[in-house]
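Student: Here you go, one structure.
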Amino acid sequence: MHMSLAFGWFLLIFFGTVEADIFGTRHLNAPYKAIFFRFFNPDHGRAGFEAAYGFLMDLILAFILSGLLLAVIKRFSSGVVGLKKTTRLKTLDKIALASLWLIFPSRLLAESFTSGAYGTGSFLTGSLGTILASVFPAKEMAYPFWWLYSLSLGTFFILLPLTRYMHIPTELFLIFARNSGIRTGDQVGAFSEIETYSCSSCGICIDACQLNFSAGITNIQSAYLLKGIRNHENVGEIAHNCLMCGRCDSKCPVGIELTPIRMIRRRAEVTEVPYSNIWKRYFPDRLKIIPTKHVIREDYKWLPQAEPARADVIFFAGCMTHLTPSIKKSMVRILDASGVNYNFIDSDGGVCCGRPLMLAGQDKEARELINFNSQMIRKSGARTLVTSCPICYKVFKESYYLDIEILHHSQFIKMLIDEGQLKLGFLRKNVAYHTPCELGRGSGIYEEPKEVLKYVTRLQKTDCDDENSLCCGGSLANMKISSQVRKRIAGDALSVLTKGNPDILATACPLCKKTFSHATETRVADIAELVADALVIPHLKKNLSDAMVQIPATADIG
Amino acid sequence: MLCIECGGCSATCTTGNFTRFSLRELQILIKRGENATVRDNINKCMLCGKCTLVCPRGVNTRNVVMLAREAFQKNLIHAV
């Protein structure tokens with residue numbers, strides 16, 4: 001539909017220009033000679049090459065009109081074209097939409113009336129023209145329709161910068177900039193502005209959003225966020241009410257980086273007042289973000305000095321794993337069984353990794369926690385950091401500047417299996433795997449957890465594998481929804497995951513595990529638990545404490 | 001209104017492991033209107049979210065902390 005309208009219109013412009021070039025009096029013509037060609041050359045196109053060219057122009061017009069028909073259907077009955085919901089529009093958008101829809105039918109009628117009056121025209125305009133001419137005085141009626149065509153075309157282009165149709169010119173810049181490797185960073189910039197204007201409000205992100213179909217919340221999706229930013233509204237509430245699951249980001253057909261843009265808006269709570277001056281709306285100032293002036297600063301001065309034991313591998317459980325002790329115990333069993341020299345660095349509680357603060361937009365405060373943890377990790381002298389929580393994993397990888405190997409526990413277990421350090425049996429159970437948002441779409445780790453599961457259980461396929469996985473609803477990124485809403489989201493996700501009636505629902509994130517176990521009767525288990533269950537040698541290869549193997553305290557590990 | 005003051009939140013609190021910070025205490029202080037202590041202490045929260053997960057009544061404790069902080073922000077700005 002979009003292709004027929006957009007591409008068809010491009011063809012119309014292109015071939016129309018060529019038409020004016022070939023058949024006009026000069027080679028270079030003013031644009032109106034091409035746009036209103038039939039008006040200025042009503043006698044044109046009776047025979048030969050002229051007629052053939054007329055056939056081509058009619059064909060393109062028919063192409064466009066078919067796309068227009070689909071667009072009209074989509075606007076009024078979106079289910080027919082496959083979308084459950086389409087974007088709600090503001091008044092100005094609706095006026096621009098109406099003028100857009102008028103352009104081609106009025107061109108069709110104008111050309112038909114002219115063709116009917118002069119006996120020219122091809123299969124579409126000619127036939128329609130003949131029919132119309134037999135009923136109406138064609139020559140007189142053509143004139144007002146040419147005016148309608150001209151006015152609707154003009155209105156559309158004048159309103160274009162104020163509406164979502166700005167995406168048409170902006171996407172050109174987006175494609176070139178993106179292909180040069182430019183990406184959005186932590187602050188608003190020219191590229192994020194290009195992306196904001198490139199949104200065509202198609203509504204695919206709304207369809208993908210679980211807050212929409214599971215909870216009926218329909219004012220916070222990315223299309224509305226971007227629209228709010230373009231209209232200089234205060235988007236703080238909208239920006240914070242999001243699971244940050246990344247589904248919209250992965251489904252956006254334009255490839256706009258929706259998640260980073262939302263993060264930028266979370267960092268500042270105040271945006272500018274909407275402009276009342278229409279001139280300013282055509283030439284807006286750069287979208288500025290005024291960062292919140294924190295009058296009271298969070299302070300973490302009370303954080304103690306860290307004195308960790310030295311080890312090769314450190315295991316960082318994270319806040320959420322501490323709330324799911326079975327995962328902790330399983331990881332300890334696995335680490336003991338593998339014979340690796342490790343230290344469970346936050347075994348007595350520990351400090352939060354900092355990502356929940358960052359998700360709330362408080363990067364500077366998170367930095368203090370990050371510094372504390374980084375110092376602790378460096379002091380331990382480890383070469384590898386293993387964590388059982390994807391949230392912690394993501395922040396370690398992206399925001400901590402550590403030069404050691406960072407592994408999620410599924411990757412670590414896979415490594416142990418590949419190197420033969422774990423002896424595992426096989427659990428004869430059917431297992432469905434839920435890809436956590438932060439691990440899958442957030443960090444790009446899809447295969448390792450599944451490989452580990454295939455090693456110890458019978459892994460089923462689900463309808464929401466890999467990039468299509470559904471969020472459990474437990475997200476720390478959303479602080480606005482209630483636990484009832486989260487339960488609904490979890491319930492809907494579970495009904496898809498448990499369609500194949502698995503014995504166990506496996507996951508790789510403690511928060512997902514907790515959220516799901518509150519909402520289902522099926523056993524929910526972390527990968528670590530399943531691997532620990534499958535360990536053949538239950539007695540532990542003790543953490544080798546030989547003086548030879550232990551890292552001497554005086555060694556220089558950089 | 002929902003809170004039954006069971007103390008589960010404070011028990012699991014990450015910050016509570018290192019300081020005297022107790023969400024239950026702060027919540028009681030707010031109810032009593034003693035905002036000064038709350039204002040000085042509310043910033044110690046790391047927003048990790050364990051309290052919300054543990055709460056038997058499903059109170060969104062994390063959001064309570066955020067709202068309290070915002071309220072104090074606004075208060076101070078107007079005061080100056």
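Student: Loosely packed, with under 13 Cβ neighbours inside 10 Å and free of Cβ contacts under 8 Å to residues at least 40 places away in the same chain, is that true of A:PHE40? Give the steps one after another, and end with the answer.
Tutor: On the way: loosely packed, with under 13 Cβ neighbours inside 10 Å: no; free of Cβ contacts under 8 Å to residues at least 40 places away in the same chain: yes.
Against the criterion (loosely packed, with under 13 Cβ neighbours inside 10 Å and free of Cβ contacts under 8 Å to residues at least 40 places away in the same chain), A:PHE40 does not qualify.
Student: What single numbered condition from (1) in a helix (DSSP H, G or I); (2) surrounded by fewer than 24 Cβ atoms within 10 Å (Cβ to Cβ); (3) in contact (Cβ under 8 Å) with a residue 24 or more places away in the chain; (4) within 13 Å of chain B (Cβ to nearest Cβ) fails to hold for A:ASN373?
Tutor: All conditions pass for A:ASN373, except number (2).
Student: Right, another one. Check A:LYS461 against each of (1) of a type in the set (D, E, K, R); (2) closer than 15 Å to A:ASP526 by Cα; (3) under 29 Å from the mean Cα position of the chain (by Cα) and name the one condition it does not meet.
Tutor: All conditions pass for A:LYS461, except number (2).
Student: Okay, moving on. Only one of these conditions is not met by A:ILE391: (1) within 14 Å of chain B (Cβ to nearest Cβ); (2) out of contact with any Pro (no Cβ under 9 Å at 6 or more places or on another chain); (3) assigned to a helix (DSSP H, G or I). Which number is it?
Tutor: Only one criterion in (1) within 14 Å of chain B (Cβ to nearest Cβ); (2) out of contact with any Pro (no Cβ under 9 Å at 6 or more places or on another chain); (3) assigned to a helix (DSSP H, G or I) is unmet by A:ILE391, namely (2).
Student: Which one is nearest to A:GLY119 (Cα to Cα) among residues in region A:44-99 that are exposed (fewer than 13 other Cβ atoms within 10 Å of the Cβ) and aromatic (Phe, Trp, Tyr)?
Tutor: Across region A:44-99, the extreme among qualifying residues is A:PHE49.
Student: Kindly indicate whether A:SER330 is part of a helix (DSSP H, G or I), at pLDDT 85 or above and surrounded by 22 or more Cβ atoms within 10 Å (Cβ to Cβ).
Tutor: Details: part of a helix (DSSP H, G or I): yes; at pLDDT 85 or above: yes; surrounded by 22 or more Cβ atoms within 10 Å (Cβ to Cβ): yes.
So A:SER330 passes the test.
Student: So, one more: Give the residue that is surrounded by the fewest Cβ atoms within 10 Å (Cβ to Cβ), with candidates limited to residues of region A:438-491 that are among the aliphatic types (A, V, I, L, M) and away from chain B (no Cβ under 14 Å).
Tutor: Step one: of region A:438-491, the residues among the aliphatic types (A, V, I, L, M) are A:439, A:445, A:452-453, A:456, A:459, A:470, A:476-477, A:479, A:481, A:485, A:489-490.
Pick out the ones that are also away from chain B (no Cβ under 14 Å) and you get A:439, A:445, A:452-453, A:456, A:459, A:470, A:489.
Values: A:LEU439: 27, A:ILE445: 22, A:VAL452: 27, A:LEU453: 23, A:VAL456: 24, A:LEU459: 19, A:LEU470: 24, A:ILE489: 27.
By that ranking, first place goes to A:LEU459.
Student: Go through region A:208-235 and give me each residue that's assigned to a helix (DSSP H, G or I) and within 12 Å of the chain's Cα centre (by Cα). Explain how you work it out, then say what you get.
Tutor: To start, the set of residues in region A:208-235 that are assigned to a helix (DSSP H, G or I) comprises A:208, A:210-213, A:222-230.
Correct list: A:ALA208, A:SER222, A:ALA223.
Student: Go through region A:320-354 and count every residue that is facing chain B (nearest Cβ under 9 Å) and charged (D, E, K, R). Steps first, please.
Tutor: So the first thing to find is which residues in region A:320-354 are facing chain B (nearest Cβ under 9 Å), and the list is A:320, A:322-323, A:348-354.
Those left that are additionally charged (D, E, K, R): A:348.
Qualifying residue count for the region: 1.
Student: Looking at region A:156-197 only, could you name the residues that are surrounded by 17 or more Cβ atoms within 10 Å (Cβ to Cβ) and within 20 Å of A:GLY8 (Cα to Cα)?
Tutor: Taking region A:156-197 and keeping what is surrounded by 17 or more Cβ atoms within 10 Å (Cβ to Cβ), we get A:156, A:159-160, A:162-167, A:170-171, A:174, A:178, A:184, A:188, A:191-197.
Residues satisfying the conditions are A:PHE156, A:LEU160, A:ARG164, A:TYR165, A:MET166, A:HIS167, A:THR170, A:GLU171.
Student: Grab the helices (runs of 4 or more DSSP H) fully contained in region B:1-76, keeping just those with 2 or more residues being modelled with pLDDT of 75 or more and at the interface with chain A (Cβ under 7 Å from one of its Cβ atoms).
Tutor: Numbers: elements: B:8-12, B:23-32, B:35-41, B:50-54.
Passing ranges, in order: B:50-54.
The values are calculated or read from the model by the stated rules, or taken from the named source; none is laboratory data. Quick caveat, the model's predicted, so the values are computed rather than measured. Here Cβ is always computed from backbone atoms with ideal geometry, including for glycine, and neighbour counts include all displayed protein chains.
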